[in-house]
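Structure first, then comments.
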Amino acid sequence: MGTSAAVMWATLYYAYHYHEVHTIIPKYGHCLLYFKRFIDDIFGIWTGTAQEWSDFCNDIDNFGQLRWDIKDQKLSSSVDFLDLTLTIEGSRIVSKTFQKKMNLYLYIPPASAHPAGCIKGTIFGLIRRYYAQNTYHKDFIFVVRLLYRRLLNRGWERELIQPMILDACTIVRRKNPSSAPPAQPETGTQGQDEELLFLHLTYHPDDISRKRIRELYEKHLGEIFRRELNIDRPIIAYSRPKNIGDYVTKAKLHQAPGYTSSIIMGRHRDGLDPL
């Protein structure tokens with residue numbers, strides 16, 4: 001969308017249409033057994049009449065230049081919503097992963113100057129999501145095989161990728177990733193009373209490893225830091241260096257001097273021109 005904040009702006013912009021202009025939810029709430037929206041993607045269960053449906057579609061379209069195609073949709077037992085395909089089967093709804101045909105699947109290539117753990121994190125994150133998305137195990141296996149082939153097409157070696165995928169599949173089957181993580185950290189004493197020293201470095205593939213940095217720290221600084229500064233252990237944190245994209249497609253929004261968001265919102269509340 002051009003900037004990292006664009007999704008939030010679009011969501012707020014259309015929320016104003018829903019709740020302030022045409023009052024979509026108050027007007028048609030009695031016809032919606034279920035309703036969720038992400039920008040221009042809507043998923044709902046409609047229980048109203050045909051005339052109410054026509055009025056609902058007209059009101060949805062009557063805002064800005066965005067046009068929806070919900071009037072053209074035909075009755076079906078299956079629908080694609082975001083990255084899911086939801087299907088009614090008897091008395092239940094089953095799901096499987098949906099992927100657009102035009103998706104290029106531009107995963108990190110092996111020649112990229114990313115930390116070695118990035119591709120492992122990518123694989124585990126995707127497999128965990130696929131396992132949670134697919135009701136049937138055969139659909140999960142199908143999409144994992146696609147992931148494997150696409151990573152090979154990106155240039156990754158079979159001997160490196162295959163064990164990562166197998167390990168990730170074993171972990172997600174053992175853990176039950178469909179349940180949400182706890183809102184609070186698990187109880188325990190590890191890390192709660194530790195004094196940590198953070199070393200923040202810019203990553204480069206030719207630098208010495210994190211393991212070697214820890215070894216040098218322990219050899220030259222560990223004992224004296226524990227005795228004099230009560231530092232228990234170091235944390236080696238990496239950030240990526242700037243790339244071409246950081247310079248040609250900056251995500252930072254422009255802010256006029258002297259006009260912070262609080263000033264603009266305050267003027268809006270007072271009925272004044274925010275600019």
Quiz item: Accessible area, 1.4 Å probe, largest first: how do 164, 265, 8 sort?
Solution: 8, 265, 164
Self-check item: Residue-wise HN-Hα coupling along region 97-109, computed from phi with Karplus coefficients 6.51, -1.76, 1.60 (Hz; x: Gly, Pro)
Solution: 5, 10, 10, 5, 5, 8, 5, 8, 6, 8, 5, 4, x
Self-check item: In Å², nearest 10: area of residue 240 left accessible to a 1.4 Å probe
Solution: 130
Self-check item: Backbone HN-Hα couplings from phi across region 225-235 [Karplus 6.51/-1.76/1.60, Hz, Gly and Pro as x]
Solution: 5, 5, 6, 8, 10, 6, 7, 7, 7, x, 10
Exercise. On the full set of protein chains, 1.4 Å probe, figure out the accessible area of residue 87 and give it in Å² to the nearest 10.
Key: 30
Quiz item: Could you sort 9, 53, 156 by accessible area so the largest value comes first, with the probe set to 1.4 Å?
Solution: 9, 53, 156
Quiz prompt | Exposure of residue 236 as accessible area (Å², to 10), given a probe of 1.4 Å and all protein chains | solution = 10
Quiz prompt | Carbon + sulfur, % of accessible area of region 39-154 - ligands and nucleic acids excluded, 1.4 Å | solution = 55
Exercise. Determine the shape class of region 74-184: with a ≥ b ≥ c the square roots of the Cα gyration tensor eigenvalues, call it rounded for a/c under 1.5, and otherwise prolate if a/b is greater than b/c, oblate otherwise.
Key: prolate
Quiz item: With each label point set 7 Å from Cα along the Cα-Cβ vector, what nm distance links residue 263 and residue 207?
Solution: 3.9
Quiz item: Once label points are set 7 Å from the Cα along Cα→Cβ at both residue 219 and residue 240, what is their separation, rounded to one decimal in nm?
Solution: 3.2
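The values are calculated or read from the model by the stated rules, or taken from the named source; none is laboratory data. Only a predicted model underlies this, so the values are computations on that prediction, with no experimental measurement involved. All Cβ positions, glycine included, derive from the backbone under ideal geometry; neighbour counts span all protein chains shown. All accessible areas refer to the heavy atoms of the entire protein, side chains included, with ligands and DNA or RNA removed. Shrake-Rupley method; radii C 1.70, N 1.55, O 1.52, S 1.80 Å.
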